[in-house]
Amino acid sequence: MQSFTQKKFYSFRADASALGGFLEEPFEKNIPTLAPVSLSAVGGFATARSEAFNLDQIVSCSSAYTRVSGREHEDGSVSILVASVVEDLNILEVVRARRIVAQVSISIPSEAGPLRYSSAGSGFEGLRLAGRDCVPNLSSALHQPEGGPGVHGSPRSWEDIQLPARKQADNLVGWFKGRGEDAGRWAMARHGWMMTSAPEQRAGGPVLCSLVNGFEDKERREDCGHIVEIPGFGRIFLAELLVSRHSVQLVGIRAELGCPVSGQIGVATSGGGGQGNRD
């Protein structure tokens, strides 16, 4: 006989994709979503895989896979793991990477409260931008669990990352304003709402930031933090993170092409969360 002891209800949400987007020039075309996978509302496990992919020599990869899993524990807490992996990425010979991983581990308490996340396992291997080897510096305040590397700290929530994310936005907007009026307006429209001078985030409002705070190559001058501008190619965003009270999304690479080939490409996207009557 079915038990009537369950007091809580929770609906899972988790999804991942390896590659996707659209082109506007030199022709209009959708980039098919590679290895898309979604978690059932009741939890469980699912995975998808794509072998070699090449779209008109514009974007290609040798393989990609995604994975989602989620379960509710006896104490009523919830855990979710979402991963997206892309190997041998090549965008117009300008953006190349041997391996990109976007992985998000999510824990949700049994009682009311925001989800907590960890991005452990996420990163870039063999990243090359415009023919140069690039090693991103990952932010310890946004990437590592609270307590730092090698310390068994607790995962972070959107509350924990408010201050470092806002300081990151301050740096981004200030750098782009130094490039001119148009650049400053663009930066304010995209990141101004996250600055420390902006009104406090409403409860549960999203936090936009990046796991990347720059590169080990101190000589680079054409980029700011996780945003890299490549003349004749466009602009790329590395490891962008969007966190709210009930969800988290990590995008390994977001490419906005602004050359003879224009469009947008998303690489290695993972996200999840959910909601129920515990909130």
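The values are calculated or read from the model by the stated rules, or taken from the named source; none is laboratory data. Small disclaimer: the values here were computed from a predicted structure and weren't measured. Virtual Cβ from ideal backbone geometry, glycine too; neighbours counted across all protein chains shown.
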Residue selected from region 155-209 under the condition assigned to a loop (DSSP other than H, G, I, E, B) and acidic (Asp, Glu), by the criterion surrounded by the fewest Cβ atoms within 10 Å (Cβ to Cβ) = GLU200
query = If you take the residues in region 78-104 that are among the polar types (S, T, N, Q) and modelled with pLDDT of 95 or more, which one is nearest to PHE9 (Cα to Cα)?
reply = GLN103
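Within region 210-228, take every residue that is assigned to a strand (DSSP E or B) and at pLDDT 90 or above and give me the one that is surrounded by the fewest Cβ atoms within 10 Å (Cβ to Cβ).
Taking region 210-228 first, the residues assigned to a strand (DSSP E or B) are 210, 212-215, 223-224, 227-228.
Checking the rest, the ones that are also at pLDDT 90 or above come to 210, 212, 227-228.
Values: SER210: 25, VAL212: 26, ILE227: 21, VAL228: 24.
Among residues in region 210-228 that are assigned to a strand (DSSP E or B) and at pLDDT 90 or above, the one surrounded by the fewest Cβ atoms within 10 Å (Cβ to Cβ) is ILE227.
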ask   = Are any residues in region 62-77 more than 12 Å from ALA14 (Cα to Cα) and surrounded by fewer than 23 Cβ atoms within 10 Å (Cβ to Cβ), and if so, which ones?
value = SER62, SER63, TYR65, GLU72, HIS73, GLU74, ASP75, GLY76, SER77
note = Conditions (1) crowded, with 16+ Cβ neighbours inside 10 Å; (2) in a loop (DSSP other than H, G, I, E, B); (3) among the small types (Gly, Ala, Ser) -> SER40 fails only (1)
note = Checked against (1) under 20 Å from the mean Cα position of the chain (by Cα); (2) assigned to a strand (DSSP E or B), ASN54 satisfies every condition except (1)
